[in-house]
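Remarks on the structure that follows.
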């Protein structure tokens, strides 16, 4: 049960971050939102390592942390780009399909699912997708751009799926170090991308602090997920974490006044039902 609670906490933190990040990127350069957020997360991870007093992990754990970071930066960059081209709800739904990767890995490792858990996973995944499927652009001319956004969302699914697979492996030798390893790679790749592409990152100093919030939320979500994966089945925990989509859609409804379409309401109901089945 604790693994379920931790995984749901992960979904809340991820969902809020996925809502705030695209909103901020509409007012500031995407590169600025990503770099400032992840530098803040890197600083937070360094503090956690110092506070933990854990020894430096073995090379294998560092490698898994680096792979998790690479997946994270791919997922983030593709998600933010996709959200510029298509509705956030659609991008979030497609990105949520990345949970299928750790599910497959978990089953390949021999994790056995009970009947209720199997049904719960199906309902949760279907709910996460349907919750965001009701929003569509009303302009026919916008379709190619939206299709490009969905393509970027598919790339983000691969990146986030890799993160969900590799992070628990890195965290076996200490979650703080896993967080730091991943953040170092994320920041290094983002900075390299900014330098290579010449992407703008300058923002007024007074406007910089809010840009750190999405990154700090992701930092908070990561140890929750790692601990949940350590206490529960990876195939179950990863799906519960994917309910971040429901959080994102709900925030769009409450904060932005977006109305939930019937298909979205059905998706939320399915996601809740799946969560209950996974928790029993």
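Laboratory data are not the source of any read-out in this text; all were calculated from the coordinates shown. Here the structure is a predicted model, which means the values were calculated and not measured. All Cβ positions, even for glycine, are placed from backbone atoms using ideal geometry, and neighbour counts span all protein chains on display.
Quick one: length gained pulling residue 52 to residue 147 fully straight, 0.36 nm per residue minus the C-alpha distance? Mind dumping the intermediate values first?
Details: separation 95, 0.36 × 95 = 34.20 nm, distance 4.51 nm.
In short, 29.7 nm is gained.
At 0.36 nm per residue, minus the direct Cα-Cα distance, what do residue 253 and residue 60 gain on full extension? Give it in nm, one decimal, please.
Numbers: separation 193, 0.36 × 193 = 69.48 nm, distance 4.32 nm.
Extra length available between residue 253 and residue 60 comes to 65.2 nm.
Size of the chain from its Cα atoms: along the principal axes, largest to smallest, the extents are 53, 52, 28 Å. Extending 7 Å from Cα along the Cβ direction at residue 201 and again at residue 119 yields two label points whose distance is 5.1 nm. When the alpha-carbon atoms of segment 3-48 are used, the pair Rg, Dmax equals 12.8, 37 angstrom. Cβ crowding within 10 Å ranks 270, 2 as 2, 270, fewest other Cβ atoms first.
What number, in percent, do you get for the relative contact order of segment 2-279 if the mean sequence gap of Cα pairs under 8 Å and at least 6 apart is divided by its residue count? Across segment 2-279, relative contact order equals 44 percent.
Compute a Gaussian network model of the chain, connecting alpha carbons closer than 10 Å, and tell me which residue from 238, 52, 89 fluctuates the most. Checking each option, the largest mean-square fluctuation is seen for 52.
Which length gain, in nm to one decimal place, applies between residue 26 and residue 107 when the Cα-Cα distance is subtracted from 0.36 nm times their residue separation?
My answer for the length gained is 25.2 nm.
When the chain is treated as a GNM with alpha-carbon contacts under 10 Å, the residue of 250, 98, 193 showing the greatest mean-square fluctuation is 193.
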